[in-house]
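For reference, the structure is listed below as structure tokens.
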Amino acid sequence: MRAKREYRDRPETQVDALDALVDRSENGMSVFELRAAVPAEIDALEAALSALKEDDLITVEQTEGRTVIKPADRVIPEAPGDDEESVGDWLRRRLPF
């Protein structure tokens, strides 16, 4: 599953992190799981997570002695198909503007 369209105009690493977190929204992900799911250097991922946290798009929780990152509820699509990429979104991602 992918994050809602309105959150897809962010830098690629942030979008990749949000998409991975939305896929595992119920249980969340540890930093190590997120690192394995997002194709980015650790410094880029750290900066992306920091920006997402600053914008209140993710939450960080301590669960059973483990740090878990979850997407904010407003990032998760409400119905199937809400996460589909439009032609305009696809073009924006692929063409250098």
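No lab work stands behind these numbers, since they all come straight from the coordinates. Only a predicted model underlies this, so the values are computations on that prediction, with no experimental measurement involved. Backbone-built Cβ (ideal geometry, glycine too); neighbour counts: all protein chains shown.
Observations on the model:
- Placing a pseudo-label 7 Å from each Cα along the Cα-to-Cβ vector at Met1 and Glu54 gives an inter-label distance of 2.8 nm.
- For Ala3, distant residues with modelled amide H under 5 Å away: Asp19
- Ordering of 5-14, 34-43 by burial proxy (mean other Cβ atoms within 10 Å per residue, highest first): 5-14, 34-43
- Cα-based helix-to-principal-axis angle, 12-23 vs the chain, degrees rounded to 10: 60
- Extension gain for Asp23 to Arg94 (0.36 nm times residue separation, less C-alpha to C-alpha distance): 23.3 nm.
- Entry note, the chain: the mean residue ellipticity at 222 nm calculated from DSSP H runs of n ≥ 4, each adding -39500 (n - 2.57), is -12000 deg cm²/dmol after division by the residues and rounding to the nearest 500.
- Helix 42-54 and the long axis of the chain differ in direction by around 90°, with both axes built from C-alpha atoms.
- Annotation: amide H-H contacts under 5 Å for Thr59 (H modelled 1.01 Å from N, sequence separation of 5 or more, or interchain): Lys70, Ala72.
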